[in-house]
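Structure first, then comments.
Rule-based calculations on the coordinates, nothing more; no lab input. What you see is a predicted model, and the numbers here were worked out from it, not measured in a lab. Positions of Cβ are backbone-derived with ideal geometry, glycine not excepted, and every protein chain shown enters the neighbour counts.
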Amino acid sequence: MFQNRLTKVFRHLGKQAKRLNVSCYRVYDHDLPEFPFCIEIYGDKLYVAEYKRRHGMTEEEHDVWMEESLAVIAEVTGISKNNIFLKLRQRKPGRLGQYQKYDEVQHEFVIEENGLKFIVNLSDYLDTGLFLDHRITRQMVREQCKGKKVLNLFAYTGSFSVYAAAGGAEEIVTVDLSKTYLQWVERNFQVNEVKNENKYKFIHADVLQYLKSVPADHFDLIIMDPPTFSNSKRMEGFLDIQRDHVSLINDCLKALKKGGQLYFSTNYRDFILDKEKINASSIKDLTKATTPFDFEGKLFRLCYSIQP
């Protein structure tokens with residue numbers, strides 16, 4: 001059953017990826033309840049995450065099941081088991097599990113997307129360093145930021161900032177609470193041979209506090225892709241995106257020039273945008289327009305274009 005399903009989707013998506021010249025894409029995401037995997041291809045390597053659930057198997061039975069599943073994945077994709085990186089995804093209380101160190105074995109390599117290079121790491125963290133579902137959104141930013149001032153909030157490894165630099169942005173400010181990820185942003189700039197001519201700033205800060213200090217009417221374009229929840233020790237208080245999105249968005253709108261634009265996205269499944277309280281002249285739902293081919297029908301992510 002699993003082999004048949006995986007073969008079908010791999011053939012279909014593989015053809016689309018080849019046609020679109022995409023080398024990193026999601027192949028499978030919990031398509032069958034009995035096989036709760038997320039499977040992504042990164043060139044000649046595979047990222048496989050098992051979603052934690054009550055499977056009713058003993059540890060030994062689960063090990064056998066996993067070995068058999070990995071054998072099927074390797075056979076269908078043609079990628080060696082030696083190049084498969086396996087993770088267990090589970091919701092962790094408190095700080096976001098995906099941003100915690102996962103392993104001590106570093107396995108970094110560089111992939112390409114739309115002619116740009118990104119460092120990914122399939123072994124050390126639960127997430128890989130590049131959110132594949134924002135492939136289209138990144139390209140949209142690249143195409144509209146020439147000569148503009150760009151602010152990238154909750155920047156993670158800065159892929160939006162790299163795209164903005166490639167698009168000829170006049171100024172790019174990249175903000176994240178993690179020094180590790182800000183260093184990753186700078187390394188992504190380096191592998192793309194982007195020279196810092198004092199127009200690129202990398203700021204270590206709590207976004208909620210940082211936004212209070214941003215001058216009004218300064219930026220042309222802001223990208224904000226916050227976590228659903230965070231209570232990092234480095235923050236004042238904690239972030240709850242449903243509770244805090246109105247103040248975050250309104251602070252961004254103050255920082256935008258007239259005619260500027262905010263791209264706001266969230267992965268919170270039960271999210272409801274409180275439009276009545278947002279001081280915007282225009283709010284457009286771009287979820288469908290920014291959903292890549294490999295995430296159709298499997299993506300729990302909303303994306304909006306909001307203008308002051």
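Using modelled amide H (1.01 Å from N, peptide plane; none on Pro or chain starts), what sits under 5 Å from the amide H of Asp31, excluding residues fewer than 5 places away?
Residues meeting the criterion, in which the H sits 1.01 Å from N, are Phe37.
DSSP loop (so not H, G, I, E, B), at most 14 other Cβ within 10 Å: list which trypsin sites (Lys or Arg not before Pro) in segment 1-73 pass both filters. Present the calculation step by step, with values, prior to reporting the outcome.
On the way: sites: Arg5, Lys8, Arg11, Lys15, Lys18, Arg19, Arg26, Lys45, Lys52, Arg53, Arg54; in loops: Lys52, Arg53, Arg54.
Those satisfying the criteria are Lys52, Arg53, Arg54.
How high is the FRET efficiency from Trp65 to Gln144, r the C-beta distance, R0 51 Å, rounded to 0.05?
E(calc), rounded to 0.05, equals 0.60.
Determine the gain in length on full extension of the stretch Arg89-Glu112; use 0.36 nm per residue of separation and subtract their C-alpha separation, reporting nm with one decimal.
Values: separation 23, 0.36 × 23 = 8.28 nm, distance 2.54 nm.
Additional length available on full extension: 5.7 nm.
In the chain, which whole DSSP H runs stretch at least 24 Å along their own axis (Cα) and average -0.5 or higher on the Kyte-Doolittle scale?
59-77
Where a Cα-Cα gap under 22 Å defines reach, which lysines qualify for Lys257, not counting those fewer than 8 residues away within the same chain?
Lys146, Lys148, Lys149, Lys199, Lys201, Lys212, Lys275, Lys277, Lys284
Could you tell me whether segment 42-86 comes out rounded, prolate or oblate from its Cα gyration tensor? Rule is a ≥ b ≥ c as square roots of the eigenvalues, rounded for a/c under 1.5, then prolate if a/b exceeds b/c, otherwise oblate.
prolate
List the trypsin sites (Lys or Arg not before Pro) in segment 215-273 that DSSP assigns to loop (not H, G, I, E or B) and whose Cβ has at most 15 other Cβ atoms within 10 Å. Which are they?
Listed in order of number, the matching sites are Lys233, Arg234, Arg269.
About the Cα centre, and with charges only on the beta carbon of Lys, Arg (+1) and Asp, Glu (-1), how big is the dipole of segment 236-308? Nearest 20 debye, please.
Computed about the Cα centre, the dipole is about 300 debye.
Let a ≥ b ≥ c be the square roots of the eigenvalues of the Cα gyration tensor of segment 2-90; is it rounded (a/c under 1.5), or, if not, prolate (a/b larger than b/c) or oblate? Provide the component values of the computation, followed by the final result.
Values: a/c = 1.99, a/b = 1.83, b/c = 1.09.
Taking the square roots of the gyration eigenvalues as a ≥ b ≥ c, segment 2-90 is prolate.
Give me, ordered by chain and number, the residues 5 or more places off Lys201 or on other chains with an amide H under 5 Å from its own placed amide H.
Placed amide hydrogens put Ile172, Val173, Thr174 under 5 Å from Lys201.
For the chain, what percent of Cα pairs sit more than 29 Å apart? Intermediate results must be reported in sequence, preceding the final value.
Values: 17619 of 47278 pairs.
Summing the P(r) of the chain above 29 Å gives 37 percent of all pairs.
Give the residue list of GluC sites (Glu not before Pro) in segment 164-269 that are DSSP loop and have at most 13 other beta-carbon atoms within 10 angstrom.
Values: sites: Glu170, Glu171, Glu186, Glu193, Glu197, Glu236; in loops: Glu170, Glu193, Glu197, Glu236.
Qualifying residues, ordered by number: Glu170, Glu193, Glu197, Glu236.
What is the Cα radius of gyration of segment 175-305 over 2.2 N^0.38 Å, N being its residue count?
Against the compact-globule rule of thumb, the ratio is 1.13.
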